[in-house]
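Working notes for the structure below.
The values are calculated or read from the model by the stated rules, or taken from the named source; none is laboratory data. Note that the structure is a prediction, hence the values are computed from the model and not measured. Cβ placement follows ideal geometry from the backbone for every residue including glycine, while neighbour counts extend to all protein chains displayed. With ligands, DNA and RNA removed, areas are computed over all heavy atoms of the protein, side chains included. Shrake-Rupley method; radii C 1.70, N 1.55, O 1.52, S 1.80 Å.
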Amino acid sequence: MTDGDAFEALVERVKPGLLQALVATYGPVDGREACVDALSWAWEHQDRLVDVEHPVGYLYRVGQSATRRFLTKPVPARLVEILETRFPEVEPQLMPALSRLSVQQRTVVVLVHGYGWRQAEVARLLEINPSTVRDYLHRATDRLRDEIGGSDGDGRR
Amino acid sequence: MAMDVVEQIRQLTAAFDEFVVDVGVDEVIARGEGTAPTGDPGWNQSRREVIDNGSPRTRLGLVAAAVLLVGGLVGALTWIGRGGSDSTDSTTPMADVVESPATTPASDGSAAELASPLTAMRSRLTNQADTELFVVQATAGSYWRLATLAEFDGTTWGFPQTPLTQPGSPIGDGRDLEEIRQEVRIVNLGGTLVPAAADVIQASGDDGLRWASESQTLVKIDRDLVAGDVFEIVSASPRSELEDLQAATSTEPGDPIYLEVPDDVPAPVGEQARQVTAGATTPFETARALQGWFQREFTYSLEVQPGHGNSAMESFLRDRIGYSEQFAGTYAVMMRSLGIPTRVAVGFTSGVDEGDQSYAVFGKNAHAWPEVWFDGLGWVPFEPTPGRGAPGAGN
């Protein structure tokens, strides 16, 4: 297998989870950028990844940057259009509310509720305890419910 | 009734999936070769250094080139210089240090610490309370500072995202400088930030040490701290006499960030600040009035939710109970809302005085405090957290 083939296989394996994780943390614009950056670093350092057990987690950390923030404004026009036409029930305040959560709480809540990750998978990504993930999930969801409204199905707010 | 938030999040991510253009291998390789632009110029810059140089020692080429190399030979001290025109160090933003992937991605702990040192402090206070973190041999006791944080975004205090303008005139000009010589020996302190008294003017240790002058942070860039690391540091700060403080104005900290608060800071924060300091006529009186109010009216406790963002501040001002994370963060936001440049410092109190000029510092000594700018005198620490004497002029 050539270098390029091996890398392509790696990207195939890693990208779906990595992209979701970074979009959960940084939103769809910076998250995608972070994913490309992290994968381009992986291209330069394929040797480093050989023995890594959990490459998604490793590359997730590579993609971290203190200068990235979860997207609030301006929301790209194309995303606004998608939301308004295809997903009109998403409150406009949801994205700002997500940006106000801590990085970890937001990552947990978007990966679990949005992308359907299991709590154990998120725990492995963030290298924290599953009980911490559960805690973040509940707190963040409660907080978002307070800020956005909407019931939890039992009529309670 | 609005759709439940869980379902809204699911739909939001579906919208993201439609919006986000898939990432292809060609694009990744093109960026790797430096032929495609990236949205994060700081990241790309340091990555270019990786491509150009490759060797571990120059991996953070941006940082190494820009920041005065500190020490190298044990025992050789390098003059770092102080802020202002005579300084030979350059103002490397911590944002560049933080965002460049180092020889290995920083451990989860050090990555978390660099993202928000104020938040990371809590685990030292709780999980490591009785663990000896480091020992300082010093000519005088002091708060040992890890970093200063200039940017508040409504959720966290952190390192500024863009380089800061330095103050125009050197601080402490013509004043007596109080010097503290330290030997810091690491025992159980993790992360990459080296504690030292304010303000560092000389430091030596090993090749991986860098000084980020605008955040006044001494940082290991090649690896995390390990037990046995020793750093020799000289710090100096102007001795501020009471009458100088009382007479000082507070208008020229250099960068406007020190007055910035996000638009969505809750109204009670500013209102409370004005109320408490209504009688003060000078910046120093204002700083002291606010400090005294917190010390008198609030209770210290670790049994509160961590956090120092907008909603945490509202709860804090209402319930009047918390620990230094909330005291320092809230004090700084309140001072900024009053138009007085203030920032948050994170580090440790002086620890246990073991005699013989030796201070043992434990997790429970982890601490945060505000620093207020006074023209001609620099950043002066205050102590709003109850139960502590003030570290400097506040006394």
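Which percent of the accessible heavy-atom area of chain A goes to carbon and sulfur, probe 1.4 angstrom?
Roughly 47 percent, rounded to a whole number.
Please work out how much accessible surface B:Thr155 shows to a 1.4 Å probe, ignoring ligands, DNA and RNA, in Å² rounded to 10.
Accessible area of B:Thr155: about 30 Å².
Rounded to the nearest 100 Å², what is the buried accessible area between A and B, both sides summed, probe 1.4 Å? Don't jump to the answer; show the numbers that get you there.
On the way: alone 9850 and 18060 Å², together 22610 Å².
Looking at A and B, the buried total is near 5300 Å².
So what's region A:13-129 giving for Cα Rg divided by 2.2 N^0.38 Å, two decimals? Don't skip to the end; give the middle numbers.
Values: Rg = 14.8 Å, N = 117, 2.2 N^0.38 = 13.4 Å.
Normalised by 2.2 N^0.38 Å, the Cα Rg of region A:13-129 equals 1.10.
For region A:4-49, build the charge dipole from Cβ charges (+1 Lys, Arg; -1 Asp, Glu) around the Cα centre, then report which of A:Ala21, A:Val36, A:Ala6 sits farthest towards its positive end.
The listed residue farthest towards the positive side: A:Ala21.
For peptide B:368-374, compute the average count of partner chain beta-carbon atoms within 10 Å of each residue's beta-carbon.
That average works out to 0.
Using a 1.4 Å probe and counting only protein heavy atoms, arrange B:Tyr331, B:Tyr143 so the residue with the most accessible area comes first. List each step's numbers first, then the result.
Numbers: B:Tyr331 0, B:Tyr143 35 Å².
Of B:Tyr331, B:Tyr143, the descending order of accessible area is B:Tyr143, B:Tyr331.
Can you list which of the DSSP-assigned H helices in chain A have a Cα extent of 30 Å or more along the long axis and an average Kyte-Doolittle score of at least -0.5?
The answer, listed by residue number, is A:3-44.
What figure in square angstrom, to the nearest 10, would you give for the accessible area of B:Arg288 with a 1.4 Å probe?
Approximately 90 Å² of B:Arg288 is accessible to the 1.4 Å probe.
Would you mind counting up the charge near B:Pro253? Only other residues with Cβ under 12 Å from its Cβ, with Lys and Arg at +1 and Asp and Glu at -1.
-4
Accessible area of B:Lys364, 1.4 Å probe, to the nearest 10 Å²?
Looks like 100 Å² after rounding.
About its Cα centre, what dipole magnitude does region A:1-140 give when the only charges are +1 on Lys and Arg Cβ and -1 on Asp and Glu Cβ, stated in debye to the nearest 20?
660 debye
By its C-alpha gyration tensor, with a ≥ b ≥ c as the square roots of the eigenvalues, how is region B:259-395 shaped: rounded for a/c under 1.5, else prolate for a/b larger than b/c, else oblate?
Taking the square roots of the gyration eigenvalues as a ≥ b ≥ c, region B:259-395 is oblate.
Mind checking region B:204-279 for GluC sites (Glu not before Pro) that DSSP puts in a loop (not H, G, I, E or B) and that have at most 16 other Cβ atoms within 10 Å? Mind showing how you got there, number by number?
Numbers: sites: B:Glu214, B:Glu232, B:Glu241, B:Glu243, B:Glu260, B:Glu271; in loops: B:Glu214, B:Glu241, B:Glu260.
In loop regions of region B:204-279 (DSSP not H, G, I, E or B), the sparsely surrounded GluC sites (Glu not before Pro) are B:Glu241, B:Glu260.
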